[in-house]
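Novice: Have a look at this one before I ask anything.
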Amino acid sequence: FIRDTMLSIQSQNSQLRAEMEQRMVSLKRAQLAALQAQINPHFLYNTLMSVSGAVARVTGPESTEVGVLETFASLMRTGLNNTSFLVPLSEEVEHIRLFSRLVEFRYRGRASVTIDVPDELMSACLPKLSLQPLVENAVLHGVMSRPDRQGWIRVRAFREGEALIYTVEDNGAGMEQEKADRLHLKNVTFR
């Protein structure tokens, strides 16, 4: 009985040791991935700024192209910075402002973005990059679906009781009620 118990304990120890070694390898991989995630945004930002400098030497430092490159570099820097999952609304608003400059350049002024957020809400926290995909969808599926008119997108934040409400509106083509129901969307205005 004692011999069988000792053999069983040795077997369990061997299994635990192998499992621990595997977890250490996984931990090392995760640490390396985290380090790469910190390095890559800086490399990307620095590369874009180098390209911007080269373009400035050819087109002049005040050219539209330089402004677009610098805006894109700043957008990438704020978007890829892995500081936290939750960020103040002020950071999200700045990200949307940078993104809207690129939208206005790309679509040659056919789409404009306005941001209506009271100063007293700027310190409220929300998940990082949660508004930009909504604005991007409003551009692609809303405003650009109506090439016959000037498009606008409005981003708002306001308090309703204890809740903080964020909205993204556009004057695009809208969505059929049936499709919104399939997507489980609430508080959607239809045309």
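The values are calculated or read from the model by the stated rules, or taken from the named source; none is laboratory data. Please read all numbers here as calculations on a predicted model, not as lab measurements. Please note: Cβ atoms are built from the backbone with ideal geometry, for glycine as well, and neighbour counts cover all protein chains shown. Just the protein is used for accessible areas: all its heavy atoms, side chains included, with ligands, DNA and RNA removed. Shrake-Rupley method; radii C 1.70, N 1.55, O 1.52, S 1.80 Å.
Novice: Which label belongs to the value computed from this structure, given these candidates for Rg/Rh (Cα atoms, Kirkwood Rh): (1) 1.20; (2) 0.96; (3) 0.99?
Specialist: Checked against the structure: label (1).
Novice: For the pair Leu27/Asn137, report the inter-label distance in nm, with labels modelled 7 Å from Cα in the Cβ direction.
Specialist: For Leu27 paired with Asn137, the spin-label model returns 4.0 nm.
Novice: For the chain, take the longest principal axis of its alpha carbons; what is the angle in degrees between that and the long axis of helix 64-80, to the nearest 10 within 0 to 90?
Specialist: 30
Novice: Under a point-charge model restricted to the Cβ atoms of Lys and Arg (+1) and Asp and Glu (-1), what is the dipole moment magnitude of the chain relative to its Cα centre, in debye to the nearest 20?
Specialist: Roughly 540 debye, rounded to the nearest 20.
Novice: Taking the simple approach of a point 7 Å from Cα along Cα-to-Cβ for both Thr59 and Ser11, what is their distance in nm?
Specialist: Distance between the two pseudo-spin positions: 7.1 nm.
Novice: Want the number for Phe43 to Arg146: 0.36 nm per residue separation, take away the alpha-carbon distance, what's left?
Specialist: Extra length from Phe43 to Arg146 when fully extended: 33.3 nm.
Novice: How many percent of the accessible area of the chain is carbon or sulfur, using a 1.4 Å probe?
Specialist: Summing carbon and sulfur atoms, their accessible area is 56 percent of the total for the chain.
Novice: Could you calculate the contour length gain from Met20 to Arg156, that is, 0.36 nm times the residue separation minus the distance between their Cα atoms, to one decimal place in nm? Show your work: numbers first, answer last.
Specialist: Working: separation 136, 0.36 × 136 = 48.96 nm, distance 4.98 nm.
Here the segment from Met20 to Arg156 would lengthen by 44.0 nm.
Novice: Right, here's the next one. If I model a spin label as a point 7 Å beyond the Cα along the Cα-Cβ vector, how far apart are those points for Glu176 and Asp119 in nm?
Specialist: 4.8
Novice: Now for a separate question. Quick check for you: with a 1.4 Å probe and neighbouring chains kept, what is the accessible area per residue of the chain, in Å²?
Specialist: On the way: 13210 Å² over 191 residues.
With all protein chains present, the chain gives 69 Å² per residue.
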